[in-house]
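Asks: Quick one: structure below, then a few questions.
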Amino acid sequence: MNVFITRIIPESGLRLLEEAGLQVKQWSQKRKMTREELIAECSGADALLSAGQQLDREFLEASSHLKVIALHSVGYDNVDIETATRLKIPVGNTPGVLSGATADTAFLLMMAAARNAFHMHRTIINGEWGFFEPTANLGKELNGCTLGVFGLGKIGTEMAKRCAGAFGMKIIYHNRSRNEEAENLLDATYVSFEDLLKQSDVLTVHTALTPQTEGKFDLGVFKQMKSGSIFINTARGPIHNEHDLIEALESKIIWGAGLDVTNPEPMQADNKLLMMPNVAVLPHIGSATEGTRNAMARLAAENIIAVLKGEKPPFLVNPEVYIGL
Ligand code: DGY
């Protein structure tokens, strides 16, 4: 049976697929595939392993013969899950294995924003490391501050652990429903969204992109945040309104920001956020460590192998496809 892969993926995932006797074809060009190219490549495939591609209704309807789609990501906002479910195509993802690496990235961005680190680095490159001024280049200390987590799931919990351990930060959170396990582990307090905004010195976003969270952080919301606070987003760019974030930073409604995700991606090189001293931006590298990317590739491969063997994939986004089977 044939598997088509939309990117070059880590060796460990490929090996699993090949050891299972599957024929694998990878897209090796360094650009996103068009929908038409994807449809053509999938026409002879039984399974699709997809990284970084939009899988919309048109694609899914043209590829309804696929027995499984395995995503090389935990997020599945780029897939029309409703259509995949209607067409009875199981869609798998890679939860858990990337939580630590993504939380590390959030922590790095928090530190970088708090100490103007990316900007300071730029001053050296620009030949501006000159006269020592005791009142210049001052950052923020995080000791004893309050971390507000918007979306206290696996990644949010890892970020909270790091912040509590490193700085004794008090943890508050807002979710659709309470996470009692994390409350016990972190002594975290559930608060309303409004209280999260009012009380957080650092507000970190770890929720999925959904119609409910899209554009959630706009100017009205930034205005309710604690003055002097730092906004971190390593989840998905469209959860914050970038234009409003720039305004909130320029008018000092909030103090700083750390972003691993932008809207759109890639961010243009002349984006104002890149030149702001209290802002740190990374190009969506949350899960980019060798160990994590290998683990993601293995999970994606396991999802495919399970379905092609007639079993349920271990990490399934749309369990409804199995109802009644
Ligand atoms: C994920 O796994 O969802 C990461 O953000 C990569 O897209």
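The values are calculated or read from the model by the stated rules, or taken from the named source; none is laboratory data. Owing to the predicted nature of the structure, the values given are computational and were not obtained by experimental measurement. Here the Cβ is made from the backbone with ideal geometry for all residues, glycine too, and neighbour counts use every protein chain on show. Protein only, heavy atoms only, side chains kept; ligands, DNA and RNA dropped before computing areas. Shrake-Rupley method; radii C 1.70, N 1.55, O 1.52, S 1.80 Å.
Asks: Roughly how many Å² of V97 are accessible to a 1.4 Å probe, to the nearest 10?
Replies: About 50 Å², rounded to the nearest 10.
Asks: Which one, G148, G13, G258, has the greatest fluctuation when you compute a Gaussian network model over the chain with C-alpha springs under 10 angstrom?
Replies: G13
Asks: Also, I was wondering about something else. Using a 1.4 Å probe, how large is the accessible area of D187, given in Å² and rounded to the nearest 10?
Replies: Per-residue accessible area (D187): approximately 130 Å².
Asks: Per residue of the chain, what 222 nm ellipticity follows from adding -39500 (n - 2.57) for every DSSP H run with n ≥ 4, rounded to the nearest 500?
Replies: Helices in the chain give a 222 nm mean residue ellipticity of -10500 deg cm²/dmol.
Asks: Oh, and also: List the GluC sites (Glu not before Pro) in the range 79-161 that DSSP assigns to loop (not H, G, I, E or B) and whose Cβ has at most 16 other Cβ atoms within 10 Å. Which are they?
Replies: Loop-located and lightly packed - E128, E141.
Asks: Counting only chymotrypsin sites (Phe, Trp or Tyr not before Pro) that sit in a DSSP loop (anything but H, G, I, E, B) with at most 10 other Cβ atoms within 10 Å, what is the longest stretch of the chain containing none of them?
Replies: 133-325
Asks: Something else now. So if I average 1/r over every pair of distinct C-alpha atoms in the range 111-152 and take the inverse, what Kirkwood radius in Å does that give?
Replies: Hydrodynamic radius (Kirkwood, Cα pairs) of the range 111-152 is 12.5 Å.
Asks: Comparing S12, S73, S287, which has the greatest mean-square fluctuation in the GNM of the chain with Cα pairs linked when under 10 Å apart?
Replies: The residue with the greatest mean-square fluctuation here is S12.
Asks: How big is the accessible area of S28 in square angstrom, nearest 10, if you roll a 1.4 angstrom probe over the protein chains?
Replies: The accessible area of S28 comes to roughly 80 Å².
Asks: Give the percent of DSSP beta bridges with both residues in the chain that are antiparallel, rounded to the nearest 5.
Replies: 5 percent
Asks: Can you tell me the length gained on complete extension of the stretch E290 to D218, counting 0.36 nm per residue apart and subtracting the Cα distance?
Replies: 22.4 nm
Asks: At 25 °C and 0.890 mPa s, grab the translational diffusion coefficient of the range 99-281 from Stokes-Einstein with a Kirkwood Rh over Cα pairs, rounded to a whole number in µm² per second.
Replies: Rounded, D is 149 µm²/s.
Asks: At 1.4 Å probe size, put I89, I323, I246 in order of accessible surface, largest to smallest.
Replies: I323, I246, I89
Asks: Roughly what would the spin-label model give for K88 and V191, points 7 Å off Cα along C-beta, in nm?
Replies: Result for the modelled spin labels: 5.0 nm.
Asks: If R0 is 35 Å, what FRET efficiency do you get for S177 and I125 from their C-beta distance, rounded to 0.05?
Replies: It comes out at approximately 0.15.
Asks: Then there's this: Please give me, ordered by residue number, the trypsin sites (Lys or Arg not before Pro) of the range 210-295 that lie in loop per DSSP and have at most 15 other Cβ atoms within 10 Å.
Replies: K252
Asks: Given 10 Å bins starting at zero, what is the percent of C-alpha pairs of the chain in each, up to the one with the largest pair distance?
Replies: Per 10 Å bin, starting at 0, the Cα pair percentages come out as 6, 25, 29, 22, 14, 3, 1, 0.
Asks: Let me check something: with ligands and nucleic acids excluded, how do R15, R7, R35, R178 order by accessible area (1.4 Å probe), largest to smallest?
Replies: The residues order as R178, R15, R35, R7, largest area first.
Asks: Okay, next question. In terms of solvent-accessible area of protein heavy atoms at a 1.4 angstrom probe, what is the ranking of H72, H243, highest value first?
Replies: The ordering from most to least exposed comes out as H243, H72.
Asks: Which angle between 0 and 90 degrees, to the nearest 10, do you get for helix 290-308 versus the longest principal axis of the chain when only C-alpha atoms count?
Replies: It is inclined by approximately 30 degrees.
Asks: List the GluC sites (Glu not before Pro) within the range 176-283 that DSSP assigns to loop and that have no more than 15 neighbouring Cβ atoms inside 10 Å.
Replies: Counting only loop positions with at most 15 other Cβ atoms within 10 Å, the GluC sites (Glu not before Pro) in the range 176-283 are E214.
Asks: Moving on. Return the subset of K226/K272; K30/K309; K88/K154; K25/K67; K88/K309 for which the Cα-Cα distance in this structure is over 25 Å, preserving the input order.
Replies: K30/K309; K88/K154
Asks: Next question, about the same structure. Is the range 241-314 best put as rounded, prolate or oblate by its Cα gyration tensor, with a ≥ b ≥ c the root eigenvalues, rounded for a/c under 1.5, and otherwise prolate when a/b is larger than b/c, oblate when not?
Replies: prolate
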